[in-house]
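Here's the structure we're looking at; comments come further down.
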Amino acid sequence: METLEKKKAKRSPKAKAEPRPAARKNAPSAASEAKEAPAATVRAGRKTYSEKERAQMLALIQKSISGGDTHKSAVKQAGISEQTYYQWKKASPPAPVGDDLKDLVALEEENKRLKSLLAERLRKENAELKRKLGL
């Protein structure tokens, strides 16, 4: 036991080190961080757009896309990111279509026509089955 006590006594107490932030992979060195810090404070805040401006930009982008441009180039021309474009598009209400009533009437007529066609075929099939069974 004496040997253990001697070993413990011989060791010098370690000074507590100040806590350092964990080093990140691919992190810039401390010298480059110091150089970049003033530039970050100069950076301007992001721009906020009104609903009207958003709608105009979405319409402009849609027009560019229908003209043959890619999504990426159309969004870049508008001056926003692709993520912003998709977030705005998701949040915006669907564009109203003026011919909704006409489309609804046409669908109802088509539905009636198909129902009568199906009913006629089922009547013929039913009559044929009765004839085969001798009923």
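Given PRO38, PRO96, which one is at pLDDT below 90 and assigned to a loop (DSSP other than H, G, I, E, B)? Walk me through it before giving the result.
Details: PRO38 fails: assigned to a loop (DSSP other than H, G, I, E, B).
Selected residue: PRO96, the only one of PRO38, PRO96 that is at pLDDT below 90 and assigned to a loop (DSSP other than H, G, I, E, B).
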Sole exception among (1) at pLDDT 90 or above; (2) of a type outside the set (A, V, I, L, M); (3) open to solvent by less than 100 Å² (accessible area, probe 1.4 Å) for THR70, by number: (1)
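The values are calculated or read from the model by the stated rules, or taken from the named source; none is laboratory data. Quick caveat: nothing in here was measured; it's all calculated off a predicted structure. When the accessible area is computed, the model is the full protein with side chains, heavy atoms only, and any ligands, DNA or RNA have been set aside. Shrake-Rupley method; radii C 1.70, N 1.55, O 1.52, S 1.80 Å.
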